[in-house]
Amino acid sequence: MLATQDLTLLLDRRAAALQKAQPDLVEALELQARLIRAGLTAARAPEAHPFALPREHLAARVREGVPLLHDQPAHVDVHFAADLFSRLADILAERDDAHLRSRLDGLVSAATGGLLDPERLFGEAFVQHQDHVAEIARQIGVDAELLATLASQAVTPLLRAYADHLLPLLARIDDGTSQGAAWQQGYCPVCGAWPILAELRGVELARYLRCAACGSGWRSPRLFCSYCANEDYQLLGTLTIEGEQRFRIGVCERCKGYLKVCNAFGPPPAALLALEDAASVHLDVAAIERGYHRPGGAGFAIELAIPENEWVEELG
């Protein structure tokens, strides 16, 4: 795992290279790089409290397709998320966009006026319950899309911290399949989110999915729809975009889902995935124009268990 200084340097280099290659996306890439940097340069690292996952329990979860965070007493570092949320809002406020500023003003007013419960907001964002975040926005009269975007970005480092602890555990499970991967689901084995993209790695072009929320990567069959588990090669296809050499678009005719696929001889760190996503937005446009979509929400709706000490406090 790279140190913060190394990640920041890599971010700057990658952002500069992408801006040079795609001058029409300079502003969007610069904004995304600033938002990523805010998370990397926090005053402290997010707290992630490890919890026990016995091997038998872990193996059962893998067999049943249950993400490792589900029903576990994970700690949501609300103070870290709230600080990052504020700094992300400040970055957006600097943009020359009157409409965005108006939406932000309402959100900041609600937060500073005590209408926004940080524990509830970041708890729901951590488990990716977008409908619950939308309900919070409705109750306090703020822009739902903006609240969801900022809240999800504010908890992303928290999810990555847990992924750093949990993802290596999967390597201990050997199911004996020819695919060489224990986890066979299209959603993330750590947090249940859908993938943000697929990577073809190494000389054998092994397919790995990368989580949109925590950045985890896991092996996946080449002919497989992440969203509906379709394996019928006749219903799986590829869209290519003229002039695009690195990315292509994998599509499924059964569910009309799509996923961006890239050649990744050096897979980007989890913290930089959002930059790669922003740099390939033209592929999203092309897929949507052709009638494909990426599903909202998460592939598996996780819940967190209430830690035993909190149960004791409630009973007392």
(request) Residues being over 13 Å from P195 (Cβ atoms), outside any strand (DSSP E or B), touching a strand residue (DSSP E or B) at 6+ places or on another chain (Cβ under 6 Å) and of a type outside the set (S, T, N, Q): count how many of those fall in region 212-238. (result) 2
(request) Go through region 190-206 and give me each residue that's among the aliphatic types (A, V, I, L, M), closer than 17 Å to A274 by Cα and not in a strand (DSSP E or B). (result) A193
(message) Just the residues that are part of a helix (DSSP H, G or I), in contact (Cβ under 8 Å) with a residue 24 or more places away in the chain and surrounded by 15 or more Cβ atoms within 10 Å (Cβ to Cβ), please, taken from region 41-75.
(response) L58, A59, V62
(request) Examine region 47-55 for a residue that is among the hydrophobic types (A, V, I, L, M, F, W, C) and under 21 Å from E145 (Cα atoms), and state whether such a residue exists. (result) no
(request) Select from region 15-64 the residues that are under 19 Å from the mean Cα position of the chain (by Cα) and of a type in the set (K, R) and write down the one among them that is nearest to D77 (Cα to Cα). (result) R37
(request) Could you grab me the full set of residues in region 115-151 that are closer than 16 Å to F80 by Cβ, of a type in the set (G, A, S) and surrounded by fewer than 21 Cβ atoms within 10 Å (Cβ to Cβ)? (result) G123
(message) What's the number of the only condition in (1) closer than 21 Å to A163 by Cβ; (2) without any contact (Cβ under 8 Å) to a residue 12 or more places away in the chain; (3) among the charged types (D, E, K, R) that E124 fails to meet?
(response) (2)
(request) Filter region 47-68 down to the residues that are basic (K, R) and modelled with pLDDT of 90 or more, then identify the one that is nearest to L304 (Cα to Cα). (result) R61
(request) Name the one entry in L209, L275, L283 that is in contact with a strand residue (DSSP E or B) (Cβ under 8 Å, 6 or more places away or on another chain), within 27 Å of A125 (Cα to Cα) and part of a helix (DSSP H, G or I). (result) L283
(request) Could you please find all residues in region 289-308 being part of a helix (DSSP H, G or I) and either closer than 27 Å to H165 by Cβ or in contact with a strand residue (DSSP E or B) (Cβ under 8 Å, 6 or more places away or on another chain) (or both)? (result) E308
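Where residues in region 10-28 are closer than 15 Å to G266 by Cβ and either free of Cβ contacts under 8 Å to residues at least 12 places away in the same chain or among the acidic types (D, E) (or both), which of them is surrounded by the most Cβ atoms within 10 Å (Cβ to Cβ)?
A17
Condition check ((1) closer than 18 Å to L68 by Cα; (2) surrounded by fewer than 22 Cβ atoms within 10 Å (Cβ to Cβ); (3) out of contact with any His (no Cβ under 8 Å at 6 or more places or on another chain)) across all residues:
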| residue | (1), (2), (3) |
| --- | --- |
| I173 | yes, yes, yes |
| Y187 | yes, no, yes |
| C211 | yes, no, yes |
| G237 | no, yes, yes |
| C255 | no, yes, yes |
| Y258 | no, no, no |
(request) For region 189-205, enumerate the residues that are surrounded by fewer than 22 Cβ atoms within 10 Å (Cβ to Cβ) and of a type in the set (D, E, K, R). (result) R201, E204
(request) Would you please name the residue that is surrounded by the fewest Cβ atoms within 10 Å (Cβ to Cβ), looking only at residues in region 213-233 that are more than 20 Å from A298 (Cβ to Cβ) and in contact with an Asp or Glu (Cβ under 8 Å, 6 or more places away or on another chain)? (result) L223
(message) under 30 Å from L40 (Cα atoms), surrounded by 13 or more Cβ atoms within 10 Å (Cβ to Cβ), without any contact (Cβ under 8 Å) to a residue 60 or more places away in the chain and charged (D, E, K, R): which single residue out of R248, R294 fits that description?
(response) R248
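The values are calculated or read from the model by the stated rules, or taken from the named source; none is laboratory data. All of these numbers come straight from a predicted model, not from anything done at the bench. Quick reminder, even Gly has a Cβ in these numbers, built from the backbone with ideal geometry, and neighbours come from all protein chains shown.
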